[in-house]
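Undergrad: Shown below is the structure under consideration.
Every read-out reported here was derived from the displayed coordinates using simple, explicitly stated rules and does not represent laboratory data. These figures come from a predicted structure and were not determined experimentally. Positions of Cβ are generated from backbone atoms using ideal geometry, with glycine treated the same way; all protein chains shown enter the neighbour counts.
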Amino acid sequence: MAGKSESHGELVKSEISVMPFEQTTLVAGSQMRNMATMLDMEREINSQREQLIRVTYTMDRQVARLSREIELLQERQASNPEANWRVREDIEALSRRLDALEAFCRSEAEAKAEAKAE
């Protein structure tokens, strides 16, 4: 039985190896490069997040401006409905633009939420 445990001990010792200095240096260098890459990716994500915030702010302002224009046009149309057929067309065009901008803002907000979740 003593011989069996000695051979088991030798087997364990043979499986344990010490990593040479050069290999340790390579592993450490690789880990540092990976960390640098991760930092670069984080910076890029933050940059894109900031850009998305600016775009969202701009889009919100455009949506508000278009909403005001629609309200003004609707008021003008109400005061003289028959003579303002062009106004109705403008309202419809602005409404379509507003709908598109709102859809874009929603998709940007969803993308922002997804990026934040990651």
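Undergrad: For segment 84-97, state whether one or more residues are touching an Asp or Glu at 6+ places or on another chain (Cβ under 8 Å) and either within 30 Å of Q51 (Cα to Cα) or part of a helix (DSSP H, G or I) (or both).
TA: Checked against the condition, which is being touching an Asp or Glu at 6+ places or on another chain (Cβ under 8 Å) and either within 30 Å of Q51 (Cα to Cα) or part of a helix (DSSP H, G or I) (or both), segment 84-97 yields at least one hit.
Undergrad: I'd like to verify a number: residues in segment 65-92 that are of a type in the set (A, V, I, L, M, F, W, C) and exposed (fewer than 11 other Cβ atoms within 10 Å of the Cβ), how many?
TA: Here the count works out to 3.
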